1. Please state, rounded to one decimal and in Å, the Kirkwood hydrodynamic radius that region 98-173 gives when every pair of distinct Cα atoms enters the mean of 1/r.
2. How charged is the neighbourhood of GLY146? Take every other residue with its Cβ under 12 Å from the Cβ of GLY146, and add Lys/Arg as +1 and Asp/Glu as -1.
3. With respect to the cross-link table entries LYS51/LYS206; LYS20/LYS51; LYS20/LYS206, which display a Cα-Cα separation exceeding 22 Å?
4. For THR19, what charge total do you get from the other residues with a beta carbon under 12 Å from its beta carbon, if Lys and Arg give +1 and Asp and Glu give -1?
Amino acid sequence: MPAASMESGTEIIKADGVTKRFGAMTAVDRVHYSLHENEVAGIIGSNGAGKTTLFNLLTGYYPPDEGTILYRGKDVTRAKPEDRVAMGMTRTFQLTSTFDNLSVSDNLVLAFFRAHRKSSLLHLLLNTCKRQRSQDRVVAALETFGLQPVRDRQVRHLGLGEKRRLEIAMAVLAEPEVLLLDEPLAGLSESEIRGVLDVLGGRVGKQTILIVEHKISHVKDFVQRLTVMHEGRIIADGGYEECLRHPEVRRSYWQIDAAAEGDVHAAG
Ligand SMILES: Nc1ncnc2c1ncn2[C@@H]1O[C@H](COP(=O)(O)OP(=O)(O)OP(=O)(O)O)[C@@H](O)[C@H]1O
Ligand SMILES: [Mg+2]
């Protein structure tokens with residue numbers, strides 16, 4: 001899908017010339033990056049390219065040394081984490097940690113309550129309408145994320161792929177404006193990866209998603225726009241094919257012989 005078609009959507013996140021240094025090392029180097037409403041975008045790059053650091057800047061984990069970050073046009077560059085929470089940002093950006101001694105469905109119920117705590121828990125318990133809605137949402141999440149068969153299982157007995165699907169389900173139950181995922185496929189087997197990609201694929205068009213991944217093969221069927229990072233900079237941005245052909249991507253990112261095998265590993 002051409003990147004141009006995405007440009008018309010509302011700009012949700014905009015990073016303008018952001019730089020982050022760790023001592024002498026420039027982890028993110030004057031990066032410009034935008035994410036539009038309902039866009040499904042991926043960032044790839046070799047080890048140490050700066051993907052996680054950029055991700056942390058966008059989510060407010062730390063402020064950039066230079067540059068600005070806008071959230072729906074508002075400057076959040078220096079916003080403290082609690083200010084971001086008040087704006088509805090932080091909770092939208094992080095995978096929720098699970099309660100490993102509770103069941104899958106209990107975790108989903110808690111995720112829903114936590115996300116809708118504007119009305120107090122007591123209020124929710126007393127409000128039949130809201131309670132019904134939470135139950136409906138949890139049942140829908142169990143279905144959507146393929147968790148129905150393990151709904152009563154304690155989280156600590158889940159496989160890694162099931163746990164990852166639960167984490168994403170919990171994040172989605174919070175009704176985030178943006179789902180930001182840093183290597184959600186790390187450590188999973190090929191079949192578990194397919195399961196997670198299936199549930200993420202089901203969100204396309206309904207949700208703004210930014211997914212950071214090491215391997216391009218994991219995201220190529222899924223993202224509408226790809227951004228390639230190398231040594232702290234964005235070296236290509238656009239459609240998958242376009243990025244694939246980009247001379248600097250070929251030079252800096254691919255290992256050409258690995259590319260020929262079809263499953264391309266990042267250099268480095
Ligand atoms: N907290 C930190 N303190 C010091 N250096 C850091 C810190 N975080 C990242 N770096 C350095 O910044 C560079 C970019 O790291 P980053 O984690 O952003 O890369 P990445 O693209 O996410 O890599 P990977 O694919 O391995 O996850 C690396 O050289 C890393 O060593
Ligand atoms: Mg990383």
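Rule-based calculations on the coordinates, nothing more; no lab input. Here the structure is a predicted model, which means the values were calculated and not measured. Glycine also receives a Cβ, built like all others from the backbone with ideal geometry; neighbour counts cover every protein chain displayed.
1. For region 98-173, the Kirkwood estimate is 12.4 Å.
2. Residues near GLY146 contribute 0 overall.
3. Correct reply: LYS51/LYS206; LYS20/LYS206.
4. With Lys, Arg at +1 and Asp, Glu at -1, the neighbours total 0.
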